[in-house]
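Student: Pasting a structure here, questions to come.
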Amino acid sequence: MKDLILIGAGGHASVCLEIAELHGFNVKGYLAPSKSEHFRLQTLEWLGNDTKIDQNLCENFEFINGIGSTGNPSIRISAFQRVTSMRGSFRTLIHPNAILSKYVKLGHGVQIFAGVIINSGAQIGDNVILNTGSLIEHDCKIENHAHIAPRSTVLGGVTVSEESHIGAGATILQNLTIAKKTLVGAQALVTRNFPEQKKLMGCPARES
Amino acid sequence: MKDLILIGAGGHASVCLEIAELHGFNVKGYLAPSKSEHFRLQTLEWLGNDTKIDQNLCENFEFINGIGSTGNPSIRISAFQRVTSMRGSFRTLIHPNAILSKYVKLGHGVQIFAGVIINSGAQIGDNVILNTGSLIEHDCKIENHAHIAPRSTVLGGVTVSEESHIGAGATILQNLTIAKKTLVGAQALVTRNFPEQKKLMGCPARES
Amino acid sequence: MKDLILIGAGGHASVCLEIAELHGFNVKGYLAPSKSEHFRLQTLEWLGNDTKIDQNLCENFEFINGIGSTGNPSIRISAFQRVTSMRGSFRTLIHPNAILSKYVKLGHGVQIFAGVIINSGAQIGDNVILNTGSLIEHDCKIENHAHIAPRSTVLGGVTVSEESHIGAGATILQNLTIAKKTLVGAQALVTRNFPEQKKLMGCPARES
């Protein structure tokens, strides 16, 4: 198994790093614009910024996308695309205390944090973050680059489209479709479908 | 141990089926109005609709009540009563990743999904669903046929009366009584007692 | 290891008692103004009220602070101070089904209930309650005597100052500071900083 390189150096990276350690993966160092001041990253070697990602690195290592995406996933997506465009790959990270149905399909480089529950029939796209304690019910589809924030709840049969953000503690009612690039606010309750690229807040959620 | 027959063929049935599999229970087939199109049910034999439930079936099998009950539990209750009126029985299903206090009393045919927590002194009635990630605090009483939806929180000393529905992500404050057949909406916060058979929505919850 | 004495005799004490049992700790009895009517406490010996706490007891036993603190932590804090002023100590209680990062610092007499998740870099002060299913994200600081109620969510980098109460199901957005003695209501969503000692309710939370 290849050694890993962590992209990013903040809180999200630190949680990814611990999951890697729990699996005994070897993390060689991290890429970031400058040396990290986060206590956890200081145990790792700083390898430079992300222009270091080249064919050679992509052949010899796998990556962890340690860039968070609260509200704006563009930096996270661009790191993903830089690596995959060079045929590099991301290691999927699943916290040992997540609960996954046997009947779940996972994409490339998915991150599943502690306390996450994924029920039967769910499909999780590439580069998706299922953050701490989030719940994906049966038969959901979570598309590429979506971020399901801590403790949010996606009920049965929901589609969360590409690059959407479901805020912390939010609930999406069953069988809805969250359009591409939607931002659902923290603690919001989504009770119906909305057109694309909206910011939805409140209980029930309204455009904001 | 008797083989099982699953009543119902949708998302709720599919989650029940996986819990049965995790325990190594043998499920002979399912009863539904027509053959299921759900991918998980297609691995099982369709045994016909629920008029097949007779004395003979009730003597030779146990049942799983795979009928969900969002908002209206009447079909689920009627399946329960048909079986029990013929002295048939339902298997209680407890996901291996639920956390139950040793001091909990469970009724007949209770379903406890992944990530559920039940604290000390709670009493759970017959045919109750404690859906994924729901939390029943100490000294609660959840009466027959109630449905505690995913990720809802019932604080200490609460009574949820028969046939009530506590919506996804809702919170019921401590020591309240939810009247019979109440529907508490998703993400609602119930802060006081209400008369019977109301629909309660919002934070704090009001009649709707 | 010293035997334990439980201070308090209600629902919170009963949950603490079960965690102690799960670890095989020996609980000698409980201190309360009168004999408890709670079914779980009736298996223990009533040792009198808390004026029994003296130097002798503090040398020979450790304590569990079984006094809850919904809204008003003063009785809980005064029990803590009485014991520690006599150089007595409290046993930290961690439910076996809590999920703790390896990079968490715990104060004295912390109580961590079932289903709690604490991520990397969190610091938890003395006499803190992390109630059932609460979530403390990476790099949070939860100061002395705070109570994080069931299923509440404290996002990354938040400081919850001394003696604050974060209500059931509430969410505190990342990097905020909750001032000393703040009461955050159940299901509230805190989106900005507030001056000291406020009662915050609603989504988004406002002074109440």
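The values are calculated or read from the model by the stated rules, or taken from the named source; none is laboratory data. Everything quoted here is computed from the prediction, not taken from an experiment. Here the Cβ positions follow ideal geometry from the backbone for every residue, glycine too, while neighbour counts run over all protein chains shown. Surface accessibility is based on the protein's heavy atoms, side chains included, excluding ligands, DNA and RNA. Shrake-Rupley method; radii C 1.70, N 1.55, O 1.52, S 1.80 Å.
Student: Averaged across C:92-98, how many Cβ atoms of other chains sit within 10 Å of each residue's Cβ atom?
Tutor: If you average over the peptide's residues, the count of other-chain Cβ atoms is 2.
Student: Equivalent ellipsoid semi-axes for segment B:1-61, as square roots of 5 times the alpha carbon gyration tensor eigenvalues: give them largest first, rounded to whole Å.
Tutor: Square roots of five times the eigenvalues give 17, 16, 8 Å.
Student: In square angstrom, what is the accessible area per residue of the protein assembly as shown with a 1.4 angstrom probe?
Tutor: I get 39 Å² per residue for this part.
Student: Please work out the FRET efficiency for the pair residue A:60 and residue B:105, using the Cβ-Cβ distance as r and a Förster radius of 60 Å; give the result to the nearest 0.05.
Tutor: 0.55
Student: Let me ask you something else. Run through the other copies and list how far each one's label point is from that of residue C:35, in nm with one decimal, shortest first; the point sits 7 Å from Cα along Cα-Cβ.
Tutor: Listed shortest first, these distances are 6.8, 6.8 nm.
Student: Right, next: Which peptide among A:166-175, A:114-123 comes first, and what is the full order, when sorted by highest mean count of other Cβ atoms within 10 Å?
Tutor: Ranked by mean Cβ neighbours within 10 Å, highest first: A:166-175, A:114-123.
Student: Out of the trypsin sites (Lys or Arg not before Pro) in segment B:134-206, which ones are loop residues according to DSSP with at most 12 other C-beta atoms within 10 Å?
Tutor: Answer by residue number: B:192.
Student: For segment C:129-208, report the translational diffusion coefficient in µm²/s to the nearest whole number, using Stokes-Einstein at 10 °C, 1.306 mPa s, and a Kirkwood Rh over Cα pairs.
Tutor: Once the numbers are plugged in, D ends up at 137 µm²/s.
Student: Please sort by residue number the trypsin sites (Lys or Arg not before Pro) in segment B:5-41 whose DSSP state is loop and whose Cβ has at most 16 other Cβ atoms within 10 Å.
Tutor: Within segment B:5-41, the qualifying trypsin sites (Lys or Arg not before Pro) (loop, at most 16 other Cβ atoms within 10 Å) are B:35.
Student: Would you mind getting me the FRET efficiency between residue B:34 and residue C:52? Use the beta-carbon distance for r and R0 = 60 Å, nearest 0.05.
Tutor: That gives a FRET efficiency of 0.30.
Student: Show me you know the interface measure: the accessible area buried between A and B, both chains summed, probe 1.4 Å, in Å² to the nearest 100.
Tutor: For A against B, buried area totals roughly 1700 Å².
Student: Calculate the spin-label point distance for residue A:21 paired with residue A:3, positioning each point 7 Å from the Cα along the beta-carbon direction, and give it in nanometres.
Tutor: Each label point is offset 7 Å from its Cα along the Cβ direction, giving 1.8 nm.
Student: Can I ask one more? For residue B:191 and residue B:45, calculate 0.36 nm times their separation in residues minus their Cα-Cα distance, and state this gained length in nm to one decimal.
Tutor: Residue separation times 0.36 nm, minus the Cα-Cα distance, leaves 47.9 nm.
Student: Run through the DSSP bridge list for chain C and note the antiparallel percent, rounded to the nearest 5.
Tutor: Within chain C, antiparallel bridges account for around 5 percent of the total.
Student: Using protein chains only (no ligands, no nucleic acids) and a 1.4 Å probe, work out which residues of segment A:104-130 have their accessible area cut by at least 10 Å² relative to the chain alone.
Tutor: Listed in order, they are A:114, A:115, A:117, A:119, A:120, A:121.
Student: On to the next question. Counting just the Cα atoms, what span does segment C:64-198 cover along each of its three principal axes? Round to the nearest Å and put the largest first.
Tutor: Between the extreme Cα coordinates on each principal axis of segment C:64-198 lie 41, 32, 20 Å.
Student: Exposed loop sites here are GluC sites (Glu not before Pro) in DSSP loop states with at most 12 other C-beta atoms within 10 Å. What is the longest stretch of chain B lacking them?
Tutor: B:38-195
Student: I would also like to ask the following. Expressed as a whole number of Å, what is the distance separating the alpha-carbon centroids of segment B:146-208 and segment B:101-141?
Tutor: 16 Å
Student: Look at the axis of the rotation that sends chain B onto chain C, then give the chain B residue with the nearest Cβ and the distance in whole Å.
Tutor: B:203, 4
Student: Right, here's the next one. Of C:166, C:79, C:200, which is farthest along the charge dipole of chain C in the positive direction, counting Lys and Arg as +1 and Asp and Glu as -1 at C-beta?
Tutor: C:200
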